[in-house]
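J.: Below is one structure. I have some questions about it.
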Amino acid sequence: MKKLYRCRRCGYGSLQWLGRCPNCGEWDSLELVDQGATEPARPRTKPQPLAAIEPREGGRWPTGIAEFDRILGGGVISGSLVLIGGEPGVGKSTLLLQVAASLAQAHPPFIYVSGEESPAQVKLRAARLGLGASEALLIFSEQRLELIAQEVRELRPQGLIIDSIQTISPSAEKAGEPGTTRQVGLATFELSQLARELEIPIFLIGHITKSGEFAGPKAIEHLVDVVLYLEGGAESAVRLLRVVKNRYGSTEELGVFQMGEHGLEEVTNPSRLFTARAAVAKPGSVVFPAMEGTRPILVEIQALVASGRYAAAYPQRRAIGLDYNRMALLLAVIEKRLGMHIGGEDVYLNTAGGFTIRETAADLGMVAAVVSSFRNRPIDYGTVIVGEVSLAGEVRPVKRLRERLSEAEKLGYRRAVVPAGERPSGLTLELLPAEDLEGAMEVLLS
Ligand code: TYD
Ligand code: MG
């Protein structure tokens, strides 16, 4: 048998000893490992013809939390591994405790493993969430995967939560400290086998870490079936749940929550959240009907154009929640096609409520916000604006215009500036077709 050396830090394998790990650069970290475990095993199954395989999808269990279920494509699949990543403090433990309690009601019992908190601490959180009395949810404070797996095999729960993967030490590593890339990878792999073996869903919480010492959720995305990220700033109560990977559904969906007194509450009408505007129309504010996957959400785009004469040698440019490069490009188009001299002005663009816009369909809205602020003229309150803008200053069509406008109509908007030639049916709101930037600005600011 050949000798194998493994890096203690990152798990890199080499057939010869090296003074420095070529993968992570750590010095003197390669050590000889016992190869016994890697002997080829006899396969449990044989290759079989595709035609002969019985189609079988594991059960899909709804959690009862609608925003979470939509993200998962209807519910969690038994036997699957779901990773929920996010910065510390964003609300991962809160969300998963709510999910676990809800699933445990329908499929008892569930085990919530906390490697970070004592049962009493978890209880405190559960009480705050109004889940204190659940019999079906078992709390287990443990970090050693060997012991966790043992309990799981004995108690046979219907599902498992691991909070967090960075605190768990895999069975094979007796002495290593948890949290390194190698440890987190091994633990995740072991848990994925457990999920398949027992056909139960396992949820992993993963902290996004700033230092390279600890492995973030990125390091294990390839080992799991579903990857979700919970996002949200400290200054806002809004939390967005995004799908990055889903073996059993769409990756386009977005869930919207609000952190409240009783944990994460679903936001069923996010458009209101992202367009909470002043009572009177202000210059620089426009409403753009965004699409997140199959879901339309109205978002306010704000612009502030201010003379930068006294500030710095270079005008300031900032885009929060919008693409910086797209803004730079659109400012050049405004300068050239509308003949407005904004090259020397400071320009700030922002979205309300911490929403991130990733669509070129927001181009016309961004331009309108900038022009409105520059001219100090408000845009009519009941108008939404949508369209992509080309370098030549033409307004181009966007996808799913009907859904966008239908959402605006539902919320009481009366007019929509849209790319010329688009006539979605079944709408009562007034369409203002725009062929190019000039035409659009004439309609909006005349
Ligand atoms: P937590 O779920 O502990 O975050 P994570 O597991 O991602 O690190 O939640 C963190 C914050 O949420 C904490 O600052 C307190 C707040 N919180 C509420 O506002 N309401 C609640 O009901 C709960 C349980 C937490
Ligand atoms: Mg936590």
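We did not get these values from a lab; they are worked out from the coordinates using the rules stated. Quick caveat: nothing in here was measured; it's all calculated off a predicted structure. For neighbour counting, all protein chains shown are included, and Cβ atoms are generated from backbone atoms with ideal geometry for every residue, glycine included.
J.: How many angstrom lie between the Cα centre of region 41-105 and the Cα centre of region 236-263?
T.: 15
J.: Further question: Mind giving me the FRET efficiency for ALA133 and ARG358? R0 is 56 Å, r the Cβ-Cβ distance, nearest 0.05 is fine.
T.: Once the sixth-power term is evaluated, E becomes 0.85.
J.: Between TRP27 and GLU221, with labels modelled 7 Å along Cα→Cβ, what's the label distance in nm to one decimal, could you check?
T.: 3.4
J.: Where both residues lie in region 260-347, what percent of DSSP beta bridges are antiparallel, nearest 5?
T.: 90
J.: Here's a follow-up. Pop a pseudo-label 7 angstrom from the Cα along the beta-carbon direction at both PHE189 and SER141 and give the gap in nm to one decimal.
T.: Taking the simple label geometry, PHE189 and SER141 are separated by 3.1 nm.
J.: Using 0.36 nm per residue of separation minus the Cα-Cα distance, give me the extension gain between SER171 and ARG318 in nm, one decimal.
T.: This chain segment gains 48.1 nm when fully extended.
J.: Which of rounded, prolate, oblate describes region 61-268, given a ≥ b ≥ c as roots of the alpha-carbon gyration tensor eigenvalues and a/c under 1.5 marking rounded, otherwise prolate only if a/b is larger than b/c?
T.: The shape class here is rounded.
J.: Here's another thing I want to ask about it. Mind listing the long-range amide H neighbours of GLU87? Cut-off is under 5 Å, sequence gap 5 or more, other chains count too, H placed in the peptide plane at 1.01 Å from N.
T.: ILE208
J.: At what distance in angstrom do the alpha carbon centres of region 138-158 and region 364-404 lie from each other?
T.: 55
J.: What is the antiparallel percent of DSSP beta bridges lying wholly in region 273-445, to the nearest 5?
T.: 60
J.: Hey, quick one: spin label on ARG423, modelled 7 Å out along Cα-Cβ, who in region 381-396 has an amide N within reach, i.e. under 20 Å?
T.: Only 386-387, 395-396 fall inside the zone, counting backbone N under 20 Å.
J.: Given R₀ = 22 Å, what would the calculated FRET efficiency be for LEU329 paired with LYS410, taking r from the Cβ atoms and rounding to 0.05?
T.: 0.10
J.: Give a residue-ordered list of calculated ³J(HN,Hα) values for region 185-201 (Karplus: 6.51 cos²θ - 1.76 cosθ + 1.60, θ = phi - 60°; whole Hz; x for Gly, Pro).
T.: With the stated coefficients, region 185-201 comes to x, 5, 5, 5, 4, 4, 5, 5, 5, 5, 4, 5, 4, 8, 6, 10, x Hz.
J.: Let me ask another. Mind scanning LYS46/LYS218; LYS92/LYS410; LYS282/LYS336; LYS92/LYS399 and naming the pairs with a C-alpha gap bigger than 28 Å?
T.: Among LYS46/LYS218; LYS92/LYS410; LYS282/LYS336; LYS92/LYS399, the Cα-Cα distance tops 28 Å for LYS46/LYS218; LYS92/LYS410; LYS92/LYS399.
J.: Let me ask something additional. What are the residues whose amide H is under 5 Å from the amide H of SER236, where those residues sit 5 or more places off or on another chain and H is modelled from the backbone?
T.: Those qualifying (amide H under 5 Å, at least 5 residues apart or on another chain) number zero.
J.: Residue-wise, which Karplus ³J(HN,Hα) couplings in Hz belong to region 133-150, taking 6.51 cos²θ - 1.76 cosθ + 1.60, θ = phi - 60°, and x for glycine or proline?
T.: 9, 5, 8, 7, 10, 9, 9, 9, 8, 7, 10, 8, 4, 4, 6, 5, 4, 4
J.: Taking other Cβ within 10 Å of each residue's Cβ, how do ARG9, ARG400 sort, fewest first?
T.: Starting with the residue having the fewest Cβ neighbours, the order is ARG400, ARG9.
J.: Helix 363-375: angle to the longest alpha-carbon principal axis of the chain, degrees 0 to 90, nearest 10?
T.: That works out to roughly 50 degrees.
J.: Enumerate the whole-percent occupancy of each 20 Å bin, from 0 to the last occupied one, for all C-alpha pair distances of the chain.
T.: Spelled out bin by bin, the chain gives 22, 42, 30, 6, 0 percent.
J.: Tell me the relative contact order for region 286-354 as a rounded percent, counting alpha carbon contacts under 8 Å between residues six or more apart.
T.: After rounding, I find 41 percent.
J.: Please give the length that would be gained between HIS262 and SER250 if that part of the chain were fully extended, namely 0.36 nm times their separation in residues minus their C-alpha to C-alpha distance (nm, one decimal).
T.: 1.4 nm
J.: Could you go through region 331-342 in sequence order and give the Karplus-derived ³J(HN,Hα) for each residue, using 6.51 cos²θ - 1.76 cosθ + 1.60 with θ = phi - 60°, rounded to whole Hz, and x for Gly and Pro?
T.: Here the 3J(HN,Hα) series is 5, 5, 5, 4, 4, 6, 7, 9, x, 9, 8, 10 Hz.
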